[in-house]
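To keep things clear, I will list the structure first and then write my remarks on it.
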Amino acid sequence: MPLPKLPTHPASILDLNGTETPKLSAIPKIADIQPALYGLEDNADDSETNFEAKPVRASAHTSAQQANRASSAKAPLKAPTTPAASKPGRAVANPATSRVAKRSTSKAAKAEPAKLFVLDTNVLLHDPSSLFRFEEHDIFLPMMVLEELDHQKKGMSEVARNARQVSRSLDSIVGDNKSLADGLPLNALGHKDATGFLHFQTKALDNLLPSDMPVGKADNLILGVVRALHDKHPERQVVLVSKDINMRLKAFALGLAAEDYFNDQVLEDSDLLYSGVLELPENFWNKHGKGVESWQQGGITYYRINGPLCSQFMVNQFVYFEGSMPLYAQVREVNGKTAVLATLRDYTHGKNNVWGVTARNREQNFAMNLLMNPDCDFVSLLGQAGTGKTLLALAAGLAQVLETKRYTEIIMTRVTVPVGDDIGFLPGTEEEKMLPWMGALEDNLDVLNMGDLDAPQGNGSGNGQGNDWGRAATMDLIRSRIKVKSLNFMRGRTFLNKYLIIDEAQNLTPKQMKTLVTRAGPGTKVICLGNIAQIDTPYLTEGSSGLTFVVDRFKGWPHAGHVTLQRGERSRLADYAGDVL
């Protein structure tokens, strides 16, 4: 029975003589109180004390409207802010608090168990530390994966080294544990983020694959393990992780969950890669032109500007504005909404040529400013074929080795990944074996040594302009200062005052790139060249390439710079082929 409202008028105007005094026996018990009293059906036990009021008769002094409201209103009472306790010393729970507690308890009860990731062999060979990259989830290694690791561990290749590293990690995790049934903690070696467990296949599992699939194939055996785990643990999500696209497609066809290994991806989309160049908006001077400070130092003009766009700048990033007040500058310092810009040297002008080479577009001018800057220890240049990456790097290197004597020699290396079939072993010394891979070096040296044939002799450029004898002598001098080294013999070396060029760097893994860059000693400059659209290394993508890795990690460092070259300058045929093919 719903309860009527309590009277809301002062007691002085109420006639209480005719009001019947309620008896104690008329007060209902707590168990009989309806849950709807508070409007919460599931929190009826939280309310301890409620009161039932009887209608009060209005006196002659009250209005007819007040009498009708007092006698006929039958709305339920609102919940008191602080209900009285029915028993001494017993606190009454707040209904709202109880509801939140019940929700959090039910949410914790419904928490999904950790996923079970079944790793393919190629994931471990691609990233030996992938065992510790799955956070709180568990990892399962089929017996066939261990067989393939044992098969791949022999040799001196990168794959063999990764296989041996994975085997050593597994041995350290197992340790003295003789029982593998319950799994082994992955954080036993100090990897705090890996809170899951490692499980090995300790017994044969039922092969539930279709009968027409070959049984002895390694991929099908791993898929059979995934299917058996999926049926054995229906409460858990079992996921196959593989770099093999066809294996993932077969898993999808069988109704199994499969994913690629994404932990090594620096960026999900290559379009988000840092370009090193920023075009300023049209209203740049309207928002940043007030209070500009300028000064000159060492032949360079500096500007200190203030505005909202300054917080988005990166150190050594190039900015340009092609409007009524054009600006081509490099960011030297960023401090909140204040930035210091420095003007550039115009290498598009003939008087500023570097070994006879002048910049032909805006991005090449930016790149030449980085290559000729002695304070910039690391430079990365990206661009499609024909944008002039190797030519600019060689020209800047020859000028700083033979003219300014800033570096002692040029060291050039690249990863030996063939585009087509391998031609086999090559005769000769290390440098002779590398020469077939350095066709780009020979081509660019010919261009640099050719010079301007129409220029008069003896103009002092020092780049072999003149007769064939002078050109041959210059070529011999250049070759004496350029060393071609193999990537396989770089570990443990230290380069002092060298100009190191890493060509085709997109084919390097992040681990190989780290090995090369850490070879740099005092006074060494490292140049990374590549095109992430032309990756020939298996299992490497635009997001996981070592070149993408260093571009993303070195951005904003005061002693590193990056430029993405946009316009091809090789020939109109090469430019058109790069666009339409």
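The values are calculated or read from the model by the stated rules, or taken from the named source; none is laboratory data. Remember, predicted model here, so these are calculated numbers, not experimental data. Positions of Cβ are generated from backbone atoms using ideal geometry, with glycine treated the same way; all protein chains shown enter the neighbour counts. Please note that ligands, DNA and RNA were not included when accessible areas were found on the heavy atoms of the full protein model with its side chains. Shrake-Rupley method; radii C 1.70, N 1.55, O 1.52, S 1.80 Å.
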Subtracting the Cα-Cα distance of Q265 and T416 from 0.36 nm times their residue separation yields 52.1 nm
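To the nearest 0.05, how large is the calculated FRET efficiency for L272 and K337 if R₀ is 30 Å and r is the Cβ-Cβ distance?
On the way: r = 24 Å, r/R0 = 0.80.
With R0 = 30 Å, the Cβ-Cβ based efficiency is 0.80.
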Estimated FRET transfer efficiency (M450, I300; beta-carbon r; R0 30 Å; 0.05): 0.40
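Under a Cβ-Cβ cut-off of 15 Å, what is the net charge of the residues other than R161 that fall near it, where Lys and Arg count +1 and Asp and Glu count -1? Walk me through the numbers on the way to the answer.
Values: positive: K153, K154, R164, R168, R491, K511, K514; negative: D127, D150, E158.
That works out to +4.
Which of the GluC sites (Glu not before Pro) found in the range 251-353 are loop residues per DSSP with 15 or fewer other Cβ atoms within 10 Å of their Cβ?
Working: sites: E259, E268, E279, E282, E293, E322, E333; in loops: E268, E282, E322.
Listed in order of number, the matching sites are E268, E282, E322.
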Which order do you get for T121, T564, T541 if you rank them by accessible area with a 1.4 Å probe, largest at the top? T541, T564, T121
Phi-derived 3J(HN,Hα) across the range 273-279 with the Karplus relation (6.51, -1.76, 1.60, θ = phi - 60°), rounded Hz, x for Gly and Pro, is 5, 4, 9, x, 10, 9, 8
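Take the Cβ-Cβ distance between A181 and A218 as r, set R0 to 22 Å, and report the resulting FRET efficiency rounded to the nearest 0.05. Intermediate results must be reported in sequence, preceding the final value.
Values: r = 25 Å, r/R0 = 1.12.
After rounding to 0.05, the efficiency reads 0.35.
Computed from the mean reciprocal separation of all distinct C-alpha pairs, what Kirkwood hydrodynamic radius does the range 116-260 have, in Å?
Values: mean 1/r = 0.0640 Å⁻¹.
After inverting the mean inverse Cα-Cα distance, the result is 15.6 Å.
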With each pseudo-label sitting 7 Å past Cα toward Cβ, what's the A577-R360 distance in nm, one decimal? 1.5 nm
Accessible area per residue of the range 505-581 at 1.4 Å probe, in Å²? 48 Å²
Structure shown: which of K203/K232; K514/K555; K154/K178; K405/K498; K154/K250; K525/K555 lie over 19 Å apart, alpha-carbon to alpha-carbon? K154/K178; K154/K250
Say each of M156 and H349 gets a label point 7 Å from the Cα, pointing the same way as Cα to Cβ; how far apart are those two points in nm? 5.3 nm
Loop trypsin sites (Lys or Arg not before Pro), the range 230-296 (other Cβ atoms within 10 Å of the site Cβ: 12 or fewer; DSSP): K290
Please calculate how many Å² of accessible area the range 270-343 carries per residue, with a 1.4 Å probe and no DNA, RNA or ligand atoms counted. 57 Å²
Of T390, T202, ordered by accessible area with the largest first and a 1.4 Å probe, the sequence is T202, T390
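Can you tell me the length gained on complete extension of the stretch K514 to Q237, counting 0.36 nm per residue apart and subtracting the Cα distance?
96.2 nm
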Computed log₁₀ I(q)/I(0) - Debye formula, equal Cα scatterers, no solvent, the range 270-343, q 0.25 Å⁻¹: -1.30
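Using a 1.4 angstrom probe on the protein heavy atoms only, could you order L240, L391 from most to least accessible area?
Numbers: L240 0, L391 45 Å².
Heavy-atom accessible area, descending, gives L391, L240.
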If each residue of separation counts as 0.36 nm, what is the full-extension length gain between E282 and H559 once their alpha-carbon separation is subtracted? 96.7 nm
